[in-house]
Amino acid sequence: MEVIVIRDLHKEYGGTKLFNGLNLRLNEHEHLVVIGPNGAGKTTFVRILLGIERPSKGYVKIFGVTPSKARDSGLIAGILDNVFPPATRINDLIDLVNAVTSIDLTMFEKNLVELGLYNEIHKPIDSFSAGMKRKLLIALLLSLKVPVLVIDDPFSYLDPASAHKVEKLIVSNLEMHKLVVITMHKFKRRFAKHFRVMLFLYEGYHKIKRC
């Protein structure tokens, strides 16, 4: 079953051109890792998948509908940065998320334990370090009952030990979802081998590798 269809994708900012007519079809469990340096278009790619931005040319369909419709229908969810409402605690965050989509609370608790955050649930998130906030967002996202997950640079702000824990958690959760899309700056062979499709972005150009 086709989950994501990308056809002749272009995005232009001033004189900067991204994607150069990208065509890509992803079926169930053809998990995608997007790799490229800063400015290559990874975050823009995520924003287009989530319906936050529109391409300059071409289109994206998720389960046959536009990204914004897919997002509003609970078919896709993602994170872009460590942004939380002020004075929020983890328990408050659960209520906020449950208001718009379903969360597996058992899985969320397990993820918090795995990432060393369970004892922090009553503390204000404002007091968390950037790395703790990143781990919290990943723990939360991996607990959502949505078919498609998109995580932009999950290893940012993380020390090597935390990055290894996040890596293991993402890999262990891959088959819980129909499709997972991850972006990252550097190629990590040990991590990337768990993804069926790799998309390399560089200076407006792209290369697709299927495993």
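Below are the figures for this structure:
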{"read-out": "Segment 74-101 - residue that is surrounded by fewer than 18 Cβ atoms within 10 Å (Cβ to Cβ) and among the β-branched types (Val, Ile, Thr) and, of those, nearest to the chain's Cα centre (by Cα)", "value": "VAL83"}
{"read-out": "Conditions (1) of a type outside the set (Asp, Glu); (2) under 30 Å from TYR118 (Cα atoms); (3) at pLDDT below 95; (4) in contact with a strand residue (DSSP E or B) (Cβ under 8 Å, 6 or more places away or on another chain): number failed by ALA40", "value": "(2)"}
{"read-out": "Check on LYS193, closer than 17 Å to GLY36 by Cα, modelled with pLDDT under 95 and not aromatic (Phe, Trp, Tyr)", "value": "yes"}
{"read-out": "Cβ pairs under 9 Å, 6+ apart, first in segment 188-205 and within 17 Å of VAL46 (Cα to Cα) and touching a residue at least 40 places away in the same chain (Cβ under 8 Å), second buried (at least 17 other Cβ atoms within 10 Å of the Cβ) and among the aromatic types (Phe, Trp, Tyr)", "value": "LEU199/PHE45; LEU201/PHE19; LEU201/PHE45; GLY204/PHE19; TYR205/PHE19"}
{"read-out": "Residue in segment 91-98 that is in contact with a strand residue (DSSP E or B) (Cβ under 6 Å, 6 or more places away or on another chain), under 18 Å from MET176 (Cβ atoms) and outside any loop (DSSP other than H, G, I, E, B) present", "value": "yes"}
{"read-out": "Per-region count, segment 40-63, residues of a type outside the set (S, T, N, Q) and without any contact (Cβ under 8 Å) to a residue 60 or more places away in the chain", "value": "12"}
{"read-out": "Pairs with Cβ under 7 Å, 6+ apart, first in segment 151-163 and within 10 Å of GLY131 (Cβ to Cβ) and among the acidic types (Asp, Glu), second outside any loop (DSSP other than H, G, I, E, B) and modelled with pLDDT of 90 or more", "value": "ASP159/GLY131"}
{"read-out": "Inter-residue pairs, beta-carbon under 9 Å, first in contact (Cβ under 8 Å) with a residue 24 or more places away in the chain and surrounded by 18 or more Cβ atoms within 10 Å (Cβ to Cβ) and in segment 102-128, second in a helix (DSSP H, G or I) and among the acidic types (Asp, Glu), 6+ apart", "value": "LEU112/GLU120; ILE125/ASP92"}
{"read-out": "Answer residue from segment 1-45, given it is more than 17 Å from the chain's Cα centre (by Cα) and among the small types (Gly, Ala, Ser) and is nearest to ASP152 (Cα to Cα) among those", "value": "GLY39"}
{"read-out": "Selected residue (criterion: surrounded by the fewest Cβ atoms within 10 Å (Cβ to Cβ)) from residues of segment 18-73 that are among the β-branched types (Val, Ile, Thr) and closer than 22 Å to GLU167 by Cα", "value": "THR43"}
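Okay, residues lined up against (1) over 21 Å from LEU80 (Cβ atoms); (2) of a type in the set (A, V, I, L, M); (3) modelled with pLDDT under 95:
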position	(1), (2), (3)
ASP95	yes, no, yes
THR106	yes, no, yes
GLU109	yes, no, yes
HIS122	yes, no, yes
ALA130	no, yes, yes
LEU136	no, yes, yes
ASP152	no, no, yes
TYR157	no, no, yes
SER162	no, no, no
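Every residue, every condition in (1) closer than 29 Å to ASP72 by Cα; (2) part of a strand (DSSP E or B), yes or no:
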{"site": "LYS133", "(1), (2)": "yes, no"}
{"site": "LEU140", "(1), (2)": "yes, no"}
{"site": "VAL146", "(1), (2)": "yes, no"}
{"site": "LEU149", "(1), (2)": "yes, yes"}
{"site": "VAL166", "(1), (2)": "yes, no"}
{"site": "LEU169", "(1), (2)": "yes, no"}
{"site": "VAL180", "(1), (2)": "yes, yes"}
{"site": "PHE200", "(1), (2)": "yes, yes"}
{"site": "LYS207", "(1), (2)": "no, yes"}
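The values are calculated or read from the model by the stated rules, or taken from the named source; none is laboratory data. Computed from a predicted structure; not experimentally measured. Cβ sites come from the backbone with ideal geometry, for glycine too, and all protein chains shown count toward neighbours.
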